[in-house]
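Peer 1: I'd like to ask you about the structure that follows.
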Amino acid sequence: MQKIVITSDEENQRLDRFLKKYLRAAPLSLIYRIIRKDVKVNGRRAAIDTVLKGGDEIDLFLDDVRLEGLLREHRTVKAAKRFKVIYEDDNILIVSKPVGLLTHGDEKEKRNTLANQVLGYLLENGCYDPAAARSFTPSPVNRLDRNTTGLVIFGKNPKAIRDLNNMIRHKGAVDKYYLTVVKGMLNAERSLQDRILKDEALNRVTVLPTDAAEGRLSETKVRPVRALKGYTLVEVHLVTGRSHQIRAHLAEAGYPVIGDRKYGNAADNKRISQRFGLNSQFLHACRIEINAGRESLEYLTGMRFECALPENFANIVDALADAENENKSLKNEQVQTDKRKGTYE
């Protein structure tokens, strides 16, 4: 038998969720069986949804050999580290995620993910000890789609995770900004406010009016940064954080993100793909501003973290900008010719 005393870092979790983290090698179905037959909380049988409190005692009635197998430590990811460290201290790690890498695993890819690569990095550097951490695993507090690049924040200890989540939940405490190229000429700042309804089965969202009965209120602020030939480089301030919000909002407003196969313009995406080899959305989480750090992370107040566009994205912007400059130059030459001929009005 093993006795586990719940600490303040581990409280307010359901019993089944705590044990799933603690018995790392056990599938959820086995966790449920163990709770029914081999677990007592404070000397009594407990339901799977029992919420644990600091000081609670969990008795695990498992033999040492079986327990050792279920306590197996994390296996490090064999894939090469693909992320770039932007900032790190004792509490948080901010990294830049490349295109094509999932933040978390899904039914098709469970091992080679950003979360697992970061875990391997922290294990290698001695910043994380699974045995000492028991049920805690460093994890991200924001998520990017597989083909969206840029900044992801990880909490390195339970207190940092709680404080980061608290900051993100409070409007204005953390501001997240993105860069994207959209089809069309956006000439002024826009605030896009609608309701977004997600179809989980299709993994697709629908943009609805603000007075619709369904969907969640969503707000996206868009500012033009650079005029391109037929396109605009824009900065997006994500006020709310709904799934696919930026891509769906911009497409609904008539400015689809280039390369976006789900919400973008198919004909334009084909042209962009043929010209630049871009086969996924041009969307980059470029900046995070901490306006109000809380509790253990108060020291972050006023800090901002940035990462530049990936090289292929920057090359696309430069090529489209050169085309725009060439177009302006040709227009100026034509104006001067017309003036000399006396035909310019």
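Results for (1) over 23 Å from Leu320 (Cα atoms); (2) exposed (fewer than 15 other Cβ atoms within 10 Å of the Cβ); (3) touching a Leu at 6+ places or on another chain (Cβ under 8 Å); (4) without any contact (Cβ under 8 Å) to a residue 60 or more places away in the chain, shown as yes or no for each residue.
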residue: Leu192; (1), (2), (3), (4): yes, no, yes, no
residue: Leu197; (1), (2), (3), (4): yes, no, yes, yes
residue: Ala201; (1), (2), (3), (4): yes, yes, no, yes
residue: Asp211; (1), (2), (3), (4): yes, yes, no, yes
residue: Thr220; (1), (2), (3), (4): yes, no, yes, yes
residue: Ser243; (1), (2), (3), (4): yes, no, no, yes
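The rows are residues; the columns are (1) surrounded by 15 or more Cβ atoms within 10 Å (Cβ to Cβ); (2) at pLDDT below 95; (3) in contact with a His (Cβ under 7 Å, 6 or more places away or on another chain); (4) outside the structural domain of Asp318 (by TED's automatic domain parsing).
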| position | (1), (2), (3), (4) |
| --- | --- |
| Arg226 | yes, no, no, no |
| Lys229 | yes, yes, no, no |
| Thr232 | yes, no, no, no |
| Thr240 | no, yes, no, no |
| Ala251 | yes, no, no, no |
| Asp260 | yes, no, no, no |
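Peer 1: Would you confirm whether any residue within segment 136-149 is farther than 24 Å from Pro310 by Cα, of a type in the set (D, E, K, R) and at pLDDT below 95?
Peer 2: no
Peer 1: Can you tell me which residue among Lys81, Lys20, Lys40 is part of a strand (DSSP E or B) and not aliphatic (A, V, I, L, M)?
Peer 2: Sole residue among the options that is part of a strand (DSSP E or B) and not aliphatic (A, V, I, L, M): Lys40.
Peer 1: Taking Asn116 as the residue in question, decide whether it is in a helix (DSSP H, G or I) and either modelled with pLDDT of 90 or more or under 30 Å from Val236 (Cα atoms) (or both).
Peer 2: yes
Peer 1: Something else now. Output the residues belonging to segment 25-37 that are surrounded by fewer than 15 Cβ atoms within 10 Å (Cβ to Cβ) and more than 31 Å from the chain's Cα centre (by Cα).
Peer 2: If the condition is that a residue be surrounded by fewer than 15 Cβ atoms within 10 Å (Cβ to Cβ) and more than 31 Å from the chain's Cα centre (by Cα), then Arg33, Arg36, Lys37 are the ones that fit.
Peer 1: Determine which single condition Glu289 fails, assuming it passes every other condition in (1) assigned to a helix (DSSP H, G or I); (2) at pLDDT 95 or above; (3) among the charged types (D, E, K, R); (4) in contact with a Phe, Trp or Tyr (Cβ under 9 Å, 6 or more places away or on another chain).
Peer 2: (1)
Peer 1: Then there is this: Of Thr220, Thr206, which residue is polar (S, T, N, Q) and closer than 25 Å to Leu151 by Cβ?
Peer 2: Step by step, each of Thr220, Thr206 is checked, and only Thr220 is polar (S, T, N, Q) and closer than 25 Å to Leu151 by Cβ.
Peer 1: Another question, if that's okay. So which of Ile161, Ile153 is closer than 26 Å to Ile246 by Cα and over 12 Å from the mean Cα position of the chain (by Cα)?
Peer 2: Ile161
The values are calculated or read from the model by the stated rules, or taken from the named source; none is laboratory data. Only a predicted model underlies this, so the values are computations on that prediction, with no experimental measurement involved. Neighbour counts run over all protein chains shown; Cβ positions are idealised from the backbone, glycine included.
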